1. On C-alpha positions alone, give me the angle between the axis of helix 5-20 and the longest principal axis of the chain, in degrees, nearest 10.
2. Using Cα atoms only, what is the angle between the long axis of helix 100-117 and the major principal axis of the chain, expressed in degrees (0 to 90) to the nearest 10?
3. Quick one: if the Förster radius is 30 Å, what FRET efficiency do GLN303 and LYS346 give, using the C-beta to C-beta distance and rounding to 0.05?
4. What are the extents of the Cα atoms of the chain along their three principal axes, in Å, largest first?
5. Please identify the GluC sites (Glu not before Pro) of the range 300-382 that satisfy two criteria: DSSP loop assignment and at most 13 other Cβ atoms within 10 Å. Which are they?
6. Would you tally the net charge around GLY192, using a Cβ to Cβ cut-off of less than 14 Å, leaving GLY192 out, and scoring K and R as +1, D and E as -1?
7. Please give me the summed charge of the neighbours of HIS379: other residues whose Cβ is under 14 Å from its Cβ, Lys and Arg +1, Asp and Glu -1.
8. Got the relative contact order for the chain handy, in percent, Cα pairs under 8 Å and 6 or more residues apart?
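Just so it is clear, none of the values below were taken in a lab; they were calculated from the coordinates. Just so it is clear, the model here is predicted, and its values are computed rather than measured. Cβ coordinates were reconstructed from backbone atoms using ideal geometry, including for glycine residues, and neighbour counts include every protein chain displayed.
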Amino acid sequence: MHDITDLIEPLVAFRRDIHAHPELGFCEHRTAGRIAEQLRALGLEVHEGIGRTGVVGVLRNGTSGRSIGLRADMDALPIEEQTNLPWASKTPGTFHGCGHDGHVAMLLGAAQQLTRSRNFDGTVHFFFQPAEEGQGGAREMVQEGLFERFPCERVFGLHNWPDLPAGTIATRPGPIMGAADKFEILLEGRGGHAAIPQDTPDAILAAATLVTQLNAIISRRIAPTASAVLSITQIHGGHTHNVIPAEVRIGGTVRTFDEQVQDRIEASIREIAAGVALANGLSASVDYQRYYPATINDAQAAQEALDAAATVGVAQLAPAPAFTSEDFAFMLKACKGAYIWLGQAKPEGGAPLHNPHYDFNDDVLGLGIRLHVALVERHLAI
C-alpha cells in the first residue's frame, strides 16, 4: 500500500474542525457541506440530500461492474463536552462524543488515497450518513433508494471502539450489535386519599409488582441459551405524600439479537402489564417501539473484513456481540456486509463512548484509512 503519511495532518485538522462544530442528527448541514466540498475537490461524483442531509461520493476505476460501499456516520450527541481541549465543541450542549468526526475523517482519507492510487477495478460508494444517534439516518437513506441508486455487492461500516487497544481491528459473523427497543407502560386508575387505600386502586403498588414481574421475563420466559437484556429505567407517579396517584408510568429498554426472542419479550410485557392491571383494578396501555434492529454481519463479508484487517493491523475475531445498538443494521438488512470495530484505546486508558470526556484518538486515523482501502482493493481486486 502506498504511503499515506502526507494525508494525516490535514485530516486531523479537518477532524478537529468537525469536532469543534458538531451538529445533531438531520442537522449536519455544515458537516455535509464540508464533506461534499472535499469530495468534489477530488473529482468524485457527489450526491447530496440523501436521507435529508446524507452525502454520497462515487469513485469509478477500470471496467468492472463490481461495487462496494463504505459508510461513515456524521452526527453528534446532545451532551455537554467536558474535555477542555483546544478543539472542544463551540456549540453548547452538542458534542462529538461517539467519534463520528473521526469516522468522517477516515472515510475522506480513504477517498483521497483511492483517488490517487487507483489500485482497484470497479466502483466505490462513499456513504456519509446522518442521524445515527437514535434517529435512524441509515433507514432514511435506504428508504430513499440508496442501494437502488448506488448498488453494492458489499457494504462495510467502521466504528472506533475504546474497549479495544489501538491497532486492533475486530468483527465477527452473525450478530455484532443488539436490537434496541423502548417501551412505556401507563397504569391508570382514578386516584384517591392515601388514608383510605381500600377505596382506591393503587397504581403505585401495581407498578411495584409490575417492575418485579417484568424483571423476571428474561430468566423465566427466555431460554438460557439465548441472550437478551430488559432494563426498567423510568418510574413516574405521584405528586404529594397523601394522595394515591391516578396513574404511574414505567419505561425501559429491551436489547436482543434474535427476532423470535424479541417477539416473545414484547408479547410478555403486554401480557404481564394487562394481568397486573386487571388484578389491581386498573387499566394498562403499552407503547412498544422497535427503533433499531440487530446488526447482523454476513459471514463471508465478516471474514473478508478480518482478512483485510490482517494486512494492516491486528485482526481479532470478536468473541461476543455488544448489546448497544447501531442503525447500520438497516444497511445490512438491504445489502450483505459487515460492521467492524476499530480499537482506539491508549495504553493509559481513556473515556468510553458517550462520555463527556471522550475524544477520538487521532493516532488510529491512519489505520482506519488503510483498512478502508484494503477492503476496496481486496473486493475490487484488479
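1. Once rounded, the angle reads 30 degrees.
2. 20 degrees
3. The calculated FRET efficiency here is 0.55.
4. 79, 43, 41 Å, listed from the longest principal axis down.
5. Passing both the DSSP loop test and the Cβ count: GLU348.
6. Result for the neighbourhood of GLY192: -3.
7. Taking every other residue near HIS379 into account, the sum is -2.
8. 25 percent
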